[in-house]
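Notes to accompany the following structure.
Laboratory data are not the source of any read-out in this text; all were calculated from the coordinates shown. Everything numeric here is computed off the predicted structure, so don't read it as measured data. We place every Cβ from the backbone using ideal geometry, glycine too, and count neighbours over all the protein chains shown.
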Amino acid sequence: MNPHLYSRRSFLAFSAMLPWAVSVRGAAKIPIGLELYSVRGELKKDPEATVRAVAGMGYQCVEFYAPYFEWSENQTKQMRKLLEDLGIHCSSTHNNSSYLSVENINRARDLNMILGSKYVVMASSDPKPGLDGWKDVADALNFAADRLEPSGLKAGYHNHQREFTPVENRRPIEILAKNTKPSVMLQLDVGTCVEAGSDPVAWIRANPGRIRSLHLKDWSPEPGKGYAVLFGEGGADWKNIFEAAESVGGVEFYLMEQEGSRFPELETAQRCLQSYRLKHPN
């Protein structure tokens, strides 16, 4: 059986059984979106149908990731029109570090402006060893911020485990926070922070106003589970994370993200949204 057909059939069948599988757009004070890496297989096969399915679940915004950078101007305009027709928006994009370089920053700026995005996020980095390498990353983020801000865009950085893993007795994420402009968003990936042994709540409170979006990725220490758990099934303290993000973090939007689970991609995204609504009903 065609796996694309199976996953979409599974999604539709699953939706039909659930009374909550209706759009609740506008119900939450903080918009809830989906990092589209979560549905990367579906997105690669049929971008328009996938975005339609995500909007139909009730997600209010999306975050495109690296492949968007290869779109033509016309493709990007068509995606913007689709988002507007669906009543959702692109809150941010995830970008390879090279997309924020001198050579590519103008293209990143132009594509994000067409999409209606607000944040151009460096999704990861591979600095030279030592803390000086992380200071170089901070410099690159400041450069990007300076080039983007005249156009109304802002730069951001997305952490993984390595940013919370000490180097020379300092966590690299602390170097980035200290050496970047306050306008640079520190997008918190909760799951990788937890796996690295750090406390997301403490990090949010230590950086007021900088945590303007969060990836709501869960993680479980149980063997064989890790990031395959759905939102709410892992060890993250979501109640206190939400409280900190909204009271001091400056959160503007949440983004669900999944590495992959025991369910097909679209069903995974919908199940995670259901759990989010139960845990964060406002």
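Just a few scattered comments:
- Integer Hz, Karplus 6.51/-1.76/1.60 couplings in order for region 42-53, x for Gly and Pro: 5, 4, 5, 6, 8, x, 5, 4, 5, 5, 4, 5
- Amide H contacts for ASP189 (H built 1.01 Å from N in the peptide plane; partners 5 or more residues away or on another chain; cut-off under 5 Å): ASN159, HIS215.
- Residue ranges 124-131, 42-49, 86-93, 110-117 sort as 86-93, 110-117, 42-49, 124-131 when ordered by packing (mean number of other C-beta atoms within 10 Å per residue, highest first).
- Take every pair of alpha-carbon atoms less than 8 Å apart whose residues are at least six positions apart; their mean separation over the length of the chain yields a relative contact order of 19 percent.
- Dipole check for the chain: with +1 at the C-beta of Lys and Arg, -1 at the C-beta of Asp and Glu, and the Cα centre as origin, the magnitude is about 500 Debye.
- Backbone N under 18 Å from the GLU168 label point (7 Å along Cα→Cβ), restricted to region 116-154: 126-140
- Cα centroid separation - region 234-256 against region 82-145, whole Å: 22
- Relative intensity of the chain on a log10 scale, I(q)/I(0) at q = 0.08, 0.14, 0.16 Å⁻¹, equals -0.32, -1.01, -1.32, per a Debye sum over C-alpha point scatterers of equal strength in the absence of solvent.
- Under the Karplus curve 6.51 cos²θ - 1.76 cosθ + 1.60, θ = phi - 60°, whole-Hz ³J(HN,Hα) for region 201-212, x wherever Gly or Pro sits: 5, 4, 5, 4, 5, 7, 9, x, x, 9, 9, 7
- Selection from TYR119, ILE173, TYR157 lying farthest towards where the dipole of region 3-279 points positive, charges on Cβ: TYR119
- Under-5 Å amide H pairs with GLY250, H placed in peptide plane, nonlocal only: GLY209
- Flagged links, alpha-carbon separation over 31 Å, of LYS77/LYS225; LYS181/LYS217; LYS181/LYS225; LYS29/LYS135; LYS128/LYS217; LYS45/LYS217: LYS77/LYS225; LYS181/LYS225; LYS29/LYS135
- For GLU63, the amide hydrogen comes within under 5 Å of the amide hydrogens of LEU34, GLU35, LEU36, counting only partners 5 or more places away or on other chains and with H modelled in the peptide plane.
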